[in-house]
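Everything below concerns the one structure shown next.
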Amino acid sequence: MRLGVNIGIGAALNLGMELARCDGFRWVVTLDQDSTLPHGATKRLRHVATSDRVGLIASQIRDAFSNRMIHRKTGSLIRQKREVVITSGNLVRIEAWGAVGGFDWRFFLDSVDFDFCLRLAKAGWQVQRSEDVTLMHRLGRPRKIDRLGFLLTVRNYPPFRRYFQARNGVTVVRRHIAFAPLWSLEHSIRLLWVWLKIVLIERESRRSWCNGLKEGLQGRDYEIRPLPVKGLRKRSTLRTQDKAIRNTAIRYKQCMAESSDYVP
């Protein structure tokens, strides 16, 4: 289904989930455009759900460029059998998605998946990872650079993407630090490490990253407006985007209201 306008990953995921729910499905597979699942992956993921409280089942992640496994085991930092995973390669239980209010479309891009996993955990749903399914996934456009004798890998994300990574990364930490303090600490260290590489290598992204950090700390994470980075479209396009998001929200509420377990 083509929307004709970029409404952000969270809103698009919610739209797909709500349509699947209205059609009577119980599970939905979420994928990025730069990911590939092996044949039969959905059935193997489904077998992992040994409890009615399993809300999400994730795949193992392999970097398509380096061919190395890239996921980090973080379940022990929150609770047993619960992890914080990326969106791609997941089998999501529609009941769990609806119970926590869906994906937060206001993030627009980046950290939508982390926030969703942590809200599932807060609500008592399990996030598990399959040992039998491996997803091939591309992260940016990586290149290796030598700085001060250290070989650093940079992903070369565009400036607008760095803005969302910083703003939403800080927002997720602020939102969930009380529930997952160790994960929040780990994620904060990861953000600082990315900031260091941006300072040393990605000069074009410095301003965008700093603006994202500033607005995340200020709590300005839900504004739909022109962003302080180059290369983005003008306000008229953002107004169109806002209208599309509102229409999606209306359709979402209508569909959810048809469900017996909908809680407004």
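Rule-based calculations on the coordinates, nothing more; no lab input. Everything numeric here is computed off the predicted structure, so don't read it as measured data. Glycine gets a Cβ as well: all are built from the backbone with ideal geometry, and neighbour counts include every protein chain shown.
Annotation: amide H of R129 within the under-5 Å range of A58, sequence separation 5 or more or interchain, hydrogens built in the peptide plane.
The simple Förster model, with R0 at 30 Å and r as the Cβ-Cβ distance, assigns I177 and H39 a FRET efficiency of 0.15. Cβ crowding within 10 Å, taken as a proxy for footprinting-reagent exposure, orders E204, E18 from fewest neighbours to most as E204, E18. With neighbour counts taken as other beta-carbon atoms within 10 Å, the residues M136, M69 rank, fewest first, as M69, M136. Take the Cα of S188, step 7 Å toward its Cβ, do the same at D52, and the gap between the two points is 3.9 nm. In order along the range 167-182, the phi-based Karplus estimate (6.51 cos²θ - 1.76 cosθ + 1.60, θ = phi - 60°) of 3J(HN,Hα) comes to 4, 6, x, 5, 5, 4, 4, 4, 6, 10, 4, 5, 7, 10, x, 5 Hz; Gly and Pro are listed as x.
For the range 46-53, the Karplus equation 6.51 cos²θ - 1.76 cosθ + 1.60, evaluated at θ = phi - 60°, returns couplings of 4, 5, 6, 6, 9, 9, 5, 9 Hz by residue, with Gly and Pro reported as x. Peptide packing for 26-35, 114-123 was compared via the average number of neighbouring C-beta atoms within 10 Å per residue; ordered from the highest value, the list is 114-123, 26-35. Residue order for T42, T171, fewest other beta carbons within 10 angstrom first, comes to T42, T171.
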